[in-house]
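Taking it in order: structure first as structure tokens, then the write-up.
Every number in this text was worked out from the coordinates using simple rules, so none of it is lab data. Quick caveat, the model's predicted, so the values are computed rather than measured. Heads up, the Cβs are rebuilt from the backbone with ideal geometry, glycines too, and the neighbour counts pull from every protein chain shown.
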Amino acid sequence: MELFTTYGTILIGLAALFGLFMAWGIGANDVANAMGTSVGSRALTVKQAILIAMVFEFAGAYLAGGEVTSTIRKGIIDAEIFADHPDDLVFGMMSALLAAGIWLAIASANGWPVSTTHSIVGAIVGFAAVGVDVDAVNWGKVGNIVASWVVSPMLAGTLSYLLFRSVQRLILDHDNPFERAKRYVPFYMFLVGFLIAMVTLLKGLKHVLKDHQLALSFGDSLLIALVVGIVVALFGSYLLSRIKRDQSLEGSDRYANVERVFAILMVFTACAMAFAHGSNDVANAVGPLAAVVNVVQSGGSISAKVAMPSWILLVGGLGIVVGLATYGVKVMGTIGRKITELTPSRGFAAELGAAATVVLASGTGLPISTTHTLVGAVLGVGLARGIAALDLRVIGSILTSWVVTLPAGAGLAIVFFYLLRAIFSV
């Protein structure tokens, strides 16, 4: 196609720039969600959280981000529709990346934790429905995404509520909380090992295992995760036996020693969730970019699946890291401090509840958003202490931003789609 012969290098360069911008938005918003509970509970400082996320998010994005990805994220539109007009797919994906990146920048500036998946999906729906054909959109898939606004936070909130209530009943609501923590925390360590292994196998390493013909069934993953959970619990029990109670810390807070134990747990959950998140959500930036590169380099041929060059994963990984380091603090503050006051035990319950929700969703096919999951988990922990423990004004602004995400991405993408078509005179 003449367009790709004449402007191919420029189109790929612009797409890479927009993809980097989108990845920056993921780092500024989504990664900050994942680390917010650790920072808000003071288990980690902001600098420590950023350093951990930079290492594990980049490792997840680059090492396990997927050698092959679907041309269209989440099956929202059918790539075959663009067979006669591959230029529309190129302009559409470029406009979707730019639109989603701008919306994430706006949300991050206001401290709103929004879904990066919904941002890019909204943008793709926008350009496809208006620029191509309303019937080009798989509206059933869009309905599933809307359903996830309710499913994600409710499921995660319920699990986190139950987890924290168990911590209260087994450990905190007793005269000797530190001794009871040493007795019952190995059980929570088993859950950490089991759930984080499941998240890593189902999300983080899914693509890597598949590429090496080592694809695991859900049952295989379950068995491996059980073994990991038992090993973690046994090792944790040994470490706990060596921790001595420091009574000087309990002058102003009788739970200070207990929270020390949960703070250590949170570091492990934060590392593993960052790896899983980087491997999974980097596709929101690199998927559309890979589609553009594939179409341009093939001269207009469209495939349902496209190869993922390593330089594209590098763009995604770097963008995520820079986004978190430069602009992640605001959303971290919303998740970690503004919704409800977090301690390491509360933050641990929220993170573990979110991880459990991801595992359940992967096993049952439930539509979820990692962002909505974590927000729901924090709400559940807050509710365990009563409705007064929640800041309802902050929650209201978050819910509004969720509803606005799809139409905002769609509207911006439509504008950029027609703008790009006009610029390149198609």
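For this structure, a couple of remarks:
- Principal semi-axes of the equivalent ellipsoid, √(5λ) from the alpha carbon gyration tensor of region 84-156, are 24, 18, 7 Å from largest down.
- C-alpha long axis of helix 139-167 to longest principal axis of the chain, angle in °: 10 degrees
- Rounded to 10°, Cα long-axis angle of helix 256-281 versus longest principal axis of the chain: 20 degrees
- In degrees, nearest ten, helix 370-383 long axis to first principal axis of the chain (Cα): 30 degrees
- For the chain: lysine pairs under 24 Å (alpha-carbon distance), excluding those fewer than 8 apart on one chain: 15
- Each of L392 and D78 was given a label point 7 Å from its Cα along the Cα-to-Cβ line. The distance between the two points is 4.8 nm.
- Counting beta carbons within 10 Å around each of T371, T5 and listing the fewest first gives the order T5, T371.
- Residues I224, I120 arranged by fewest to most Cβ contacts within 10 Å: I224, I120
- Diffusion coefficient, µm² s⁻¹, Stokes-Einstein with Kirkwood Rh over alpha-carbon pairs of region 2-423 at 20 °C and 1.002 mPa s: 98 µm²/s
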